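Working notes, beginning with the structure itself.
The values are calculated or read from the model by the stated rules, or taken from the named source; none is laboratory data. Just so you know, these numbers come straight off a predicted model, no measurement behind them. All Cβ positions, glycine included, derive from the backbone under ideal geometry; neighbour counts span all protein chains shown.
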């Protein structure tokens with residue numbers, strides 16, 4: 001719970017708990033010990049580092065999120081008028097599949113995902129009736145971030161009609177599905 005005193009700063013690095021690689025674009029959120037969001041936050045840079053300044057003196061929790069997944073939660077961080085160093089070993093999910101962009105889409109849609117380990121990857125696209133339209137399989141992709149631009153065409157190369165589509169990604173022993181709306 002915050003107390004009176006000079007504000008302090010929390011700085012640190014977020015790293016993949018399995019590989020120790022720095023994690024860019026992780027969201028860092030300062031919370032009270034009761035879990036309430038304080039409005040203080042930062043994002044990691046390309047080297048995985050962050051700093052949050054002007055935090056009132058007190059004891060806080062720090063939540064770390066990557067692609068809308070909570071990957072770490074540190075409790076009892078004491079903040080005073082100095083800088084506190086906090087290194088965060090993030091436990092990334094085996095598979096994190098982002099929503100397609102743009103959505104709704106015309107012409108093409110970008111699909112992005114991150115895997116925590118090297119794995120065979122299969123991407124399948126279904127129409128609203130559950131019919132398979134297209135499938136992409138990679139023998140193996142390395143752990144990390146990946147992206148694929150779907151040209152909104154079926155397996156025969158024909159543009160798919162306007163409607164709702166489901167994109168299923170299987171990788172790293174996990175399966176996730178995202179919805180995409182295609183506009184005329």
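General observations
- Evaluating residue 33 against the criteria (1) free of Cβ contacts under 8 Å to residues at least 24 places away in the same chain; (2) more than 20 Å from the chain's Cα centre (by Cα) leaves one unmet condition, (1).
- Candidates are the residues of the stretch 86-106 that are assigned to a strand (DSSP E or B) and more than 16 Å from the chain's Cα centre (by Cα); the one that is modelled with the highest pLDDT is 105.
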